[in-house]
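Some notes on the structure that comes next.
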Amino acid sequence: MRAVVFERYGEPARVREVADPRPAEHGVVVRVEATGLCRSDWHGWQGHDPDITLPHVPGHELAGVVEAVGDRVSRWRPGDRVTAPFVCACGNCPSCAAGDQQVCERQSQPGFTHWGSFAQYVALDHADVNLVAVPDGLSFATAASLGCRYATAYRAVVQQGRLAAGEWVAVHGCGGVGLSAVMIAAACGARVVAVDISRRALELAREFGATECVDASDGRDTAERIREVTGGGAHLSLDALGSPATCAASVNGLRRRGRHVQVGLLPSATGTTPVPMARAIALELELLGSHGMAAHAYPEMLRLVEAGVLRPDLLVTSTIPLAAVPDALASMGTAPGAGVTVIEPWR
Ligand SMILES: [Zn+2]
Ligand SMILES: [Zn+2]
């Protein structure tokens, strides 16, 4: 099959022929119809993820058709339209038993712990636990965008963030996950403050339901401006980018008893992130993390997508062939495009 491969961290990836994957006895091989390009892929390519071994094929947001199934898979057959969370759970550990597959103790992640979906085929583990059926009415490009960013945003806003109608929510960083969060929060009836340094990203945020936009590049204190426009601070705030500056601004922009959810990755390779804990104590803030979403939690989100309440399809701003991935991956570090880029490996 053809795949995007990198041999060294930070050096150009290239498209070449590699061996087709085979399914594990509990796993499947999926023919990739669409796969999203995410900032986490860039982190992996930069060498920020200790799970990766070289050479490597990135890609963890995917949708496609089951091509082959292992002997111990009972719920899936070749031809099924599927997607999967980027955290593939084991199904057996105490976290999985508690329903928390998104923090499984023996998880695998395509594109990190093994070769991912920037390829014509990808192997996924423990298919009975991790695959999610893609409804016929949902395109593969849209389904691919659910796997990491949209589902992560959904869990961050609805489940971890417990957002209620009428509350103020601040979203720091309006890339794929941030714009997803803006759209989901607006659909929940919240008032949304979008924060970014890109005018185009803020325009999209406004289109997707943000009522206030804060340009974090204009030299003023971002947290102070959020406290101003929200009349004292956001009830819920998400760091959807993942940086010391956005994390601190998110926590500092909260009102008393507010909730911060860390969504953007803070890779250990880039150092420990300081958090304003004095404010957390004085204001009784809640500091939470959000790490994908378990497969069993998808149907609630998919029902809202099918009903047209949530429109992840609107986030897909470009589709590219496999050959364009090396350059697109490199640009995620400095100039990530607004919205979501989806790769179609068969093109
Ligand atoms: Zn991702
Ligand atoms: Zn587990």
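The values are calculated or read from the model by the stated rules, or taken from the named source; none is laboratory data. Bear in mind that the values here come from a model prediction, so they are computed numbers and not experimental data. Virtual Cβ from ideal backbone geometry, glycine too; neighbours counted across all protein chains shown.
A few points about this structure:
- Hey, Arg77 within 16 Å of ligand 2 (Cβ to nearest atom), free of Cβ contacts under 8 Å to residues at least 60 places away in the same chain, assigned by TED's automatic domain parsing to the domain that holds Ser318 and assigned to a loop (DSSP other than H, G, I, E, B) or not: no
- Considering residues of region 54-74 that are in contact with a strand residue (DSSP E or B) (Cβ under 9 Å, 6 or more places away or on another chain), of a type outside the set (A, V, I, L, M, F, W, C) and more than 16 Å from ligand 1 (Cβ to nearest atom) only, the residue nearest to Ala141 (Cα to Cα): Gly64
- Checked against the criterion of being surrounded by fewer than 21 Cβ atoms within 10 Å (Cβ to Cβ) and either in a loop (DSSP other than H, G, I, E, B) or in the same structural domain as Val65 (by TED's automatic domain parsing) (or both), the candidates Gly91, Gly116 yield just one match: Gly91.
- The selection criterion, being hydrophobic (A, V, I, L, M, F, W, C) and at pLDDT below 95, holds for Ala201.
- Total residues in region 104-134 satisfying the condition of being β-branched (Val, Ile, Thr) and over 18 Å from the mean Cα position of the chain (by Cα): the figure is 2.
- Taken together, the criteria place Gly44 among residues that are in the same structural domain as Met301 (by TED's automatic domain parsing) and buried (at least 17 other Cβ atoms within 10 Å of the Cβ).
- If you check Ala223, Ala295, Ala282, Ala248 for being surrounded by fewer than 16 Cβ atoms within 10 Å (Cβ to Cβ) and either modelled with pLDDT of 95 or more or assigned by TED's automatic domain parsing to the domain that holds Tyr9 (or both), only one passes: Ala282.
Residue by residue, here is whether (1) surrounded by 21 or more Cβ atoms within 10 Å (Cβ to Cβ); (2) at pLDDT below 95; (3) in the same structural domain as Val29 (by TED's automatic domain parsing); (4) polar (S, T, N, Q) holds:
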| position | (1), (2), (3), (4) |
| --- | --- |
| Pro135 | no, yes, yes, no |
| Glu167 | yes, no, no, no |
| Ala170 | yes, no, no, no |
| Val177 | yes, yes, no, no |
| Val182 | yes, no, no, no |
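- Unmet requirement for Asp49, which otherwise passes all of (1) modelled with pLDDT of 95 or more; (2) in contact with a helix residue (DSSP H, G or I) (Cβ under 7 Å, 6 or more places away or on another chain): (1)
- In region 6-28, the condition of being β-branched (Val, Ile, Thr) and touching an Asp or Glu at 6+ places or on another chain (Cβ under 9 Å) is met by at least one residue.
- Within region 23-48, the set of residues being within 18 Å of Val325 (Cα to Cα) and either within 16 Å of ligand 2 (Cβ to nearest atom) or hydroxyl-bearing (Ser, Thr, Tyr) (or both) comprises Thr35, Ser40.
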